[in-house]
Amino acid sequence: MVKNYILDTNVLIHDPECIFNFQDNNVIIPFPVIEEIDKLKTRNDKVAKSARDVNRLLDSYRNNGNLHDGVNLDNGGFLKIEVIDRKDADIPKYFGQSKDDHILFYAKYINERDKDIETIVVSKDLNVRVKASAIGLKSEDYLTDKVDIKILPDGYFEAEKKEFLNEKEYLEKDEALKLLPEGSEINPNSYLKYGKSYYIYNENERFEKINLSYDNEFYSIKPRNIEQLFAFNALFNEKIKFVTLVGIAGTGKTLVSLAAGLTQVVELKKYEKLMVSKPVIPMGKDIGYLPGSIEEKMRPWLKPIYDNLDFLFSGKGKKPDDYLEKRDILEIEVLSYIRGRSIPDQFIIIDEAQNLTPAEVKTILTRVGENTKIILTGDPYQIDNPYLDSSSNGLVYAASKFKNSGIAAHITMKKGERSELATLAAEIL
């Protein structure tokens with residue numbers, strides 16, 4: 001049965017092409033949403049870009065008919081911009097002057113008008129969903145790009161030595177499955193520790209033995225646990241172009257990424273530059289109010305990166321700023337400016353990627369040029385973006401979508417190495 005889906009502004013900003021993801025149902029955009037998008041389009045950030053994309057998409061459908069009366073979508077759905085004449089509707093006193101209340105008023109009006117059609121408010125804003133429920137409306141989050149984080153694979157397995165199987169050069173998939181818990185999913189570039197040997201699942205659909213050691217040093221640090229050991233292998237594996245490292249604070253996601261990047265850029269000369277960035281989620285003043293160059297503007301947000309660089313270079317007896325900047329090895333990039341670029345021959349680290357939307361991650365990944373490797377790191381349980389959660393952020397979404405790709409690897413890092421206190425705090429607070 002056809003349903004009415006009332007879209008909040010934040011859904012369109014989150015995914016400008018969301019109107020195509022409601023199958024053959026009615027997609028209704030309240031006029032206050034159009035007004036809000038019009039105000040957002042003049043900003044100088046990723047929100048403005050999404051707002052302009054929405055405007056262009058809606059404008060393209062004006063050729064198909066009057067948006068007020070509604071037009072058919074290519075996927076079989078129906079799109080309409082709803083405009084209510086105040087003379088035709090009584091506004092309840094409990095509605096205020098906020099845009100959220102205006103949108104909910106539209107939803108309530110449509111729900112009462114179309115009594116035979118189920119009406120659902122779709123919003124990324126938890127409070128809007130709560131208010132919708134309070135006035136008797138059905139509401140839901142935008143679910144299309146949600147991934148159940150609980151089913152995100154760890155990216156590696158550990159198995160004790162069994163009498164029936166030796167630690168040989170290759171383990172066939174059927175052999176490995178006998179070692180693993182029932183229902184285990186083996187994806188490309190999954191790792192296995194079997195007995196005292198280490199393996200990676202390759203394109204021949206079997207586990208190939210690899211040489212890994214805790215004694216290997218990468219830019220003054222050594223892996224401290226099996227997760228870091230496998231992460232280093234993925235970061236150095238030339239066949240793997242995309243790595244996602246997910247884990248709580250203090251597991252070494254950023255540190256091992258920087259160590260691997262510096263080793264390959266500075267010592268092995270595999271890449272021309274090390275590019276580092278992270279989403280800028282302002283807590284107070286935005287980036288535009290800070291003086292100085294891009295590097296100086298970004299430095300407050302990239303302080304954790306510089307702390308790690310200081311730690312890595314302390315083992316070399318050098319200062320990272322003097323060494324990297326003079327040799328033009330390190331590039332600090334603002335993600336807002338990455339669209340339109342083609343980035344070859346670089347080792348790219350995007351830290352705190354849990355604050356990116358799936359659309360933003362797509363934008364970043366489609367900028368990657370030849371001989372470029374990109375790493376996304378982050379903790380999906382520490383999200384500052386108010387419209388993302390542990391299952392809808394771009395980091396988890398990308399890790400899930402690429403899990404069957406032969407050029408991608410994912411490691412879930414669980415063991416904290418920063419300190420006993422930091423590890424315990426991450427677990428219990």
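The values are calculated or read from the model by the stated rules, or taken from the named source; none is laboratory data. From a predicted model like this one, the values you see are computed outputs, not experimental measurements. Counting neighbours? That spans all protein chains shown, and the Cβs are built from the backbone with ideal geometry, glycine included. Protein only, heavy atoms only, side chains kept; ligands, DNA and RNA dropped before computing areas. Shrake-Rupley method; radii C 1.70, N 1.55, O 1.52, S 1.80 Å.
Values for this structure:
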{"item": "Segment 10-35, subset touching a helix residue (DSSP H, G or I) at 6+ places or on another chain (Cβ under 8 Å) and outside any helix (DSSP H, G or I), residue most open to solvent (accessible area, probe 1.4 Å)", "result": "Glu17"}
{"item": "Lone qualifier among Phe207, Phe230 - being open to solvent by less than 20 Å² (accessible area, probe 1.4 Å) and part of a strand (DSSP E or B)", "result": "Phe207"}
{"item": "Conditions (1) within 23 Å of Lys138 (Cα to Cα); (2) open to solvent by less than 30 Å² (accessible area, probe 1.4 Å): number failed by Leu58", "result": "(1)"}
{"item": "Odd one out for Arg129, checked against (1) closer than 30 Å to Ile103 by Cβ; (2) open to solvent by 40 Å² or more (accessible area, probe 1.4 Å); (3) part of a loop (DSSP other than H, G, I, E, B); (4) not acidic (Asp, Glu)", "result": "(3)"}
{"item": "Residues located in segment 132-143, provided they are open to solvent by 60 Å² or more (accessible area, probe 1.4 Å) and among the aliphatic types (A, V, I, L, M)", "result": "Ala134, Leu143"}
{"item": "Failed criterion for Asp389 (all others in (1) under 22 Å from Pro153 (Cβ atoms); (2) open to solvent by less than 30 Å² (accessible area, probe 1.4 Å) hold)", "result": "(2)"}
{"item": "One residue from Ile383, Ile374, Ile332 being assigned by the TED database to the domain that holds Asp307 and under 21 Å from Lys239 (Cβ atoms)", "result": "Ile374"}
{"item": "Selection from segment 233-269 of residues that are open to solvent by 10 Å² or more (accessible area, probe 1.4 Å), without any contact (Cβ under 8 Å) to a residue 40 or more places away in the chain and of a type in the set (A, V, I, L, M, F, W, C)", "result": "Phe236, Leu268"}
{"item": "Enumerated strands (runs of 3 or more DSSP E) restricted to segment 321-428, each holding at least 1 residues that are of a type in the set (Lys, Arg)", "result": "373-378"}
{"item": "Some residue of segment 212-222 being in a helix (DSSP H, G or I), among the charged types (D, E, K, R) and open to solvent by 10 Å² or more (accessible area, probe 1.4 Å)", "result": "no"}
{"item": "Selected residue [without any contact (Cβ under 8 Å) to a residue 12 or more places away in the chain and under 18 Å from Leu12 (Cβ atoms)] from Leu104, Leu143", "result": "Leu143"}
{"item": "Flag if Tyr201 is over 19 Å from Val256 (Cα atoms), outside the structural domain of Glu417 (by the TED database) and of a type in the set (Phe, Trp, Tyr)", "result": "yes"}
{"item": "Of residues in segment 144-176 being in contact with a Leu (Cβ under 8 Å, 6 or more places away or on another chain) and either closer than 30 Å to Tyr5 by Cβ or not in a loop (DSSP other than H, G, I, E, B) (or both), the one most open to solvent (accessible area, probe 1.4 Å)", "result": "Glu158"}
{"item": "Segment 72-86 residues that are under 14 Å from Leu7 (Cα atoms) and modelled with pLDDT of 95 or more, paired with ones that are open to solvent by 40 Å² or more (accessible area, probe 1.4 Å) and in a strand (DSSP E or B) (beta carbon under 7 Å, 6 or more apart)", "result": "Phe78/Asn72"}
